[in-house]
Amino acid sequence: MKDIIVFGAGGHAKAVIDTIEKAGLYRIVGLLDGYKAAGTNVFAYDVLGSEAWLKTQGKSIHKGIIAVGDNWLRANIAASILSVRSDFTFVSAVHPSSSIARGATIGAGTVVMSGAVINSDTSIGEHCVLYPHTSVDHDSSVGSFVTFAPNAVTGGNVKIGDYAVVSIGAKIIHGRSIGEHTVIGAGSTVLTDIPSYSIAYGSPARTVRSRVAGEKYL
Ligand SMILES: CC(C)(COP(=O)(O)OP(=O)(O)OC[C@H]1O[C@@H](n2cnc3c(N)ncnc32)[C@H](O)[C@@H]1OP(=O)(O)O)[C@@H](O)C(=O)NCCC(=O)NCCS
C-alpha cells in the first residue's frame, strides 16, 4: 500500500478517512492541519503539523488527499501544497459501495462516498466531493472543486461548473447547466439552467441572489 497524507482533521476528514480505509488502497501516514495542534488525533491518526511539514519531515511522502468540505478552501489548500511541493500528486478515494459506471471518469483528489453513483460516460473533475447516496447520471460533465451533498441527484447530460455546490437532497433534471461558483440550495428542484456566481433554491428553483467566489455556504 502506498503512503499518503490527509489534509484536514475535522468532521469531514473522518468521512474521507473512512472512505480511504474501506477502499484499502493507501496507508494514511498522518494528518496535516494548520488549525489543529500537532499531536491531536482523529481515529488514531496523528496531526503531524501543517503543509510546511511536507517540506521538512515529509519529503518522502509524495501523495495525499484534501479532506476539507468547503470547495474554495480545498482549492486554496491544493494551491498552497503545490507551491511548497511541485512534485506532490493527489489521490482519489472511492468507497467500495459506490458505483462508477463504464466510461465514467473521476479526477485526482476526488472523494466518492458510500452509495454514490456516477453513471456511464460522466466525467467528474478534480477535488470534488460526492457525499453518500448522490447520483450523477449518464453523459454529464462536472468541473473541479464541486460538492454534491448527501442525496443530491442529477439527470443525464447535465453540466456543472467549477466550485458549484448541489446541496443536500437537491435535484437537477436532465440536460441543464449549473454555472461555476453557483450554490443550489437544499431540497431544490432545478428545471432551468442556473447562471454562474448565483444562489438558487426552491421547487422549481429560482435564482435568488448572486454570490462571490469563496463566499461561505456551509
Ligand atoms: C441556499 C443556502 C446556501 C442559503 O442561502 P442564503 O441566501 O444565505 O439564505 P438565508 O439563510 O439568508 O435565507 C434566506 C431565505 O431563504 C430561505 N431559504 C434558504 N435556503 C433555502 C432552501 N434551500 N430552500 C428554500 N428556502 C430557503 C430561508 O428560509 C430564508 O427565508 P425567509 O427570508 O423567509 O426567512 C442554504 O440555505 C442552503 O440551502 N444550504 C445548503 C447547505 C448544505 O446542503 N450543506 C450540506 C453540505 S455537505
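The values are calculated or read from the model by the stated rules, or taken from the named source; none is laboratory data. Nothing here was measured: the structure is a model prediction, and the numbers come from that model. Note that each Cβ is placed from the backbone with ideal geometry, even for glycine, and that neighbours are counted across all protein chains shown.
Key figures for this structure:
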quantity: Hey, ALA170 more than 25 Å from LYS14 (Cα to Cα) and touching a Ser or Thr at 6+ places or on another chain (Cβ under 7 Å) or not; calculated: no
quantity: Search result, residues across region 61-93 that are in a helix (DSSP H, G or I) and not small (Gly, Ala, Ser); calculated: ASN71, TRP72, LEU73, ARG74, ASN76, ILE77, ILE81, LEU82, VAL84
quantity: Single residue of region 131-148 satisfying the filter (more than 13 Å from the ligand (Cβ to nearest atom) and over 14 Å from THR105 (Cβ atoms)) that is nearest to the chain's Cα centre (by Cα); calculated: PHE145
quantity: Qualifying residue in region 161-178 (condition: surrounded by fewer than 18 Cβ atoms within 10 Å (Cβ to Cβ), within 16 Å of the ligand (Cβ to nearest atom) and of a type in the set (Val, Ile, Thr)); calculated: yes
quantity: Qualifying residue in region 121-130 (condition: in contact with a strand residue (DSSP E or B) (Cβ under 8 Å, 6 or more places away or on another chain), over 21 Å from ILE66 (Cα atoms) and more than 13 Å from the ligand (Cβ to nearest atom)); calculated: yes
quantity: Options ALA52, ALA23, ALA37; residue that is assigned by TED's automatic domain parsing to the domain that holds ALA78 and surrounded by 14 or more Cβ atoms within 10 Å (Cβ to Cβ); calculated: ALA23
quantity: Failed criterion for ALA104 (all others in (1) out of contact with any Asp or Glu (no Cβ under 8 Å at 6 or more places or on another chain); (2) at pLDDT 95 or above; (3) of a type in the set (A, V, I, L, M, F, W, C) hold); calculated: (1)
quantity: Residues being crowded, with 19+ Cβ neighbours inside 10 Å, in a loop (DSSP other than H, G, I, E, B) and not aliphatic (A, V, I, L, M) - total across region 1-20; calculated: 1
quantity: Search result, residues across region 94-117 that are more than 16 Å from the ligand (Cβ to nearest atom), under 16 Å from the mean Cα position of the chain (by Cα), farther than 17 Å from ALA164 by Cα and among the hydrophobic types (A, V, I, L, M, F, W, C); calculated: VAL94, ILE100, ALA108, VAL117
quantity: Check on ASN151, among the polar types (S, T, N, Q) and more than 16 Å from the ligand (Cβ to nearest atom); calculated: no
quantity: Filter pass, ALA78 being crowded, with 16+ Cβ neighbours inside 10 Å and either closer than 28 Å to PHE148 by Cβ or at pLDDT below 95 (or both); calculated: yes
quantity: Test: residue in region 63-72 that is within 16 Å of the ligand (Cβ to nearest atom), buried (at least 17 other Cβ atoms within 10 Å of the Cβ), closer than 24 Å to GLY185 by Cα and not assigned by TED's automatic domain parsing to the domain that holds HIS12; calculated: no
